[in-house]
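See below for the structure under consideration.
Readers should treat all values here as calculations from the given coordinates under stated rules, not as data from a laboratory. Computed from a prediction, not measured in an experiment: that's the story for all the values here. Cβ placement follows ideal geometry from the backbone for every residue including glycine, while neighbour counts extend to all protein chains displayed.
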Amino acid sequence: MNPTTGGGGAAGGAAHRAAPCHVPGPQGPWEPVLQQLQDSNRAVVHTTWGQWLTPALLDPALRTLLGRDWPRYRHHPLPGGRLGFAVSRMVLKHTAAAALQVPADRLDLAYRPGGRPQLRGLGTDMHVSLAHTGELIAVAVSRDGPIGVDAEPVDRQVAWQAVREQMCTPQEAERLGGLPDDERAGHLLRLWTLKEAYTKALGQGLGRRFTSFGFTWDTEGGAALNGDTDGEWSFATHVVQDRFLVSEAHRHRSGRPRPAPPAAAGGG
């Protein structure tokens, strides 16, 4: 299986993860997101900041929606960055609000040390994660343990010799080093996004060395975390919009993930 198109599950044969849901605006559709939550207690959404830009600019309640993020939005030094910041938080809050079935402006967003976003109030332990690259925004939500999401353009070129010692365990380096150059590029990018997603789920971001943990791969290309003998973690990678690689890492608070029914691809 091509590593840039697989949706590998956890160790122990966990079910294939449904592809991220495309949500082009605040009005949804949100039903596929709710279905993913019902099936597996987590969901991933993808969109572009351009699709959400007009609703953000026309929203008279943007200041209320952004809440404590309003000063960061207002003081961002670049107009493009300021708008991108507002839209990404808007997507995150609307996704979490759909999951919780509450108005988006009721959610209060804070940040843990390391930058991981955290919902406050409403008595919820909903976990959230945010990623953006280029025009893509990806949001992951979970009501069963921490979740992390990361994204990169599928055509991003990563210099193998420059990153192998900073990113790979010896076993990963040996495996990737034995691949042809064109095949290695896809595997390397998938590994990168999986490690980013995993450290985000841990709340450590760039604070944890990528060489301190590694992945193995089953016969179908699914990723499993070395040492995860209890099967607490599940991982998935999908291509969305034919241009972006989105990886997620999910730690199941309640133990092994329950099998999810097959779902139609929602990446498009």
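Quick look at the values:
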read-out	value
Global size of the chain as Cα Rg and Dmax, reported in angstrom	18.0, 56
Kyte-Doolittle mean at least -0.5, axial Cα span of 27 Å or more - DSSP H helices of the chain	79-100
Span from the the stretch 156-181 Cα centroid across to the the stretch 44-87 one, whole angstrom	37
Shape of the stretch 146-244, Cα gyration tensor, a/c cut at 1.5	rounded
Check: the chain dipole with +1 on Lys, Arg Cβ and -1 on Asp, Glu Cβ, in debye	1040
Sequence of VAL239, VAL44 once ranked by neighbouring C-beta atoms within 10 Å, starting from the fewest	VAL239, VAL44
